[in-house]
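Working notes for the structure below.
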Amino acid sequence: MSDGNLAVQAAAEDLVLADRGEDGVLRLTLNAPRSRNALSESMMTALSSALEEAAHDAAVRVIVIAANGPVFCAGHNLKEITAARSAPENAADRGRAYFTRILNQCSALMASIPAHPKPVIAEVAGTATAAGCQLVASCDLAFAAESAGFATPGVHIGLFCSTPMVALSRNVARKHAMEMLLTGDPCPAPRAAEIGLINRAVPDEDLTAEVMEAARKIAGKSTATVAFGKPAFYRQAELPLGEAYDYAAAVMVENMLARDAEEGISAFIEKRPPRWTDS
């Protein structure tokens, strides 16, 4: 590999900083504060790669997505999109093929988070707008500093936040989602907690400690048990009531046959801490 290619690879890797502690918590930090941690092509590629790698790392039990700088994530990189619209190679279709590729890339990233085998927690300091808000809504849990804010402001610039709408509408009631989408107004963190977009808003200085406490608590559970429960949660939510119960019962039977379920029940009866084997 040439020095030039190595430099490009290093730059891409630096967009997302990975830090895994001995507690099994992997912190992925968006690291492009000058561009407000916007979801450029390279940022989405870097984050997708980090999540994919974590999925196959048995030492990773929980993932936290945080960000450097005063903005958690400003959504798509509008400068990059504008440049692509005017690029000669996109003149024939006015950028249609490029826009399709970028939005599909973003959608795949967002869909990969609830589909990820490990729990993913958003740690939000600053603002999360448009696809940045979508990123938060896609995570399994989300905690935010009290000073943080959320918005889907695309309507202000003539571009409705249609893809962020998918994740948003799966987290909050329709009236709340439509208010954010139609007005584009910012939603302060305490209000975001009230409507269910995040789990809770905490004092700014306590944010990381609060997130890590929750992450370590989850990391202390059997990963096999969590691997049964997380996908089942999202799957059953899409099913009619009767089908949801049938599906959940089948999952619970398989879970009951797992070694960690046997160990956990025995530990409970014997009043001792469980010894997980993650199997």
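The values are calculated or read from the model by the stated rules, or taken from the named source; none is laboratory data. In this text, all values refer to a predicted model and were calculated from it rather than measured experimentally. Heads up, the Cβs are rebuilt from the backbone with ideal geometry, glycines too, and the neighbour counts pull from every protein chain shown.
Structural remarks
- No other residue among ARG94, ARG101 is assigned to a loop (DSSP other than H, G, I, E, B) and surrounded by fewer than 15 Cβ atoms within 10 Å (Cβ to Cβ) apart from ARG94.
- Where a residue in segment 232-247 is outside the structural domain of LYS118 (by TED's automatic domain parsing) and surrounded by 14 or more Cβ atoms within 10 Å (Cβ to Cβ) and its partner, wherever it lies, is of a type outside the set (A, V, I, L, M, F, W, C) and not in a helix (DSSP H, G or I), with Cβ under 9 Å and at least six apart: ALA244/GLU238
- Residue in segment 115-125 that is among the aliphatic types (A, V, I, L, M) and surrounded by fewer than 21 Cβ atoms within 10 Å (Cβ to Cβ) present: yes
- So ASP206, is it at positive phi and either in the same structural domain as ARG20 (by TED's automatic domain parsing) or in a loop (DSSP other than H, G, I, E, B) (or both): no
- Strands (runs of 3 or more DSSP E) wholly inside segment 24-73 that include at least 1 residues being in contact with a Leu (Cβ under 7 Å, 6 or more places away or on another chain) and without any contact (Cβ under 8 Å) to a residue 40 or more places away in the chain: 25-30
- Residue list for segment 155-191, restricted to those being at positive phi and touching a Pro at 6+ places or on another chain (Cβ under 9 Å): GLY184
- Of the numbered criteria (1) touching a residue at least 60 places away in the same chain (Cβ under 8 Å); (2) within 23 Å of LEU39 (Cα to Cα); (3) among the aliphatic types (A, V, I, L, M), the one LEU181 fails is (1).
- Looking only at segment 253-263, and only at residues there that are in contact with a Phe, Trp or Tyr (Cβ under 8 Å, 6 or more places away or on another chain) and either in the same structural domain as GLU22 (by TED's automatic domain parsing) or assigned to a helix (DSSP H, G or I) (or both), the one that is nearest to ASP57 (Cα to Cα): ASP260
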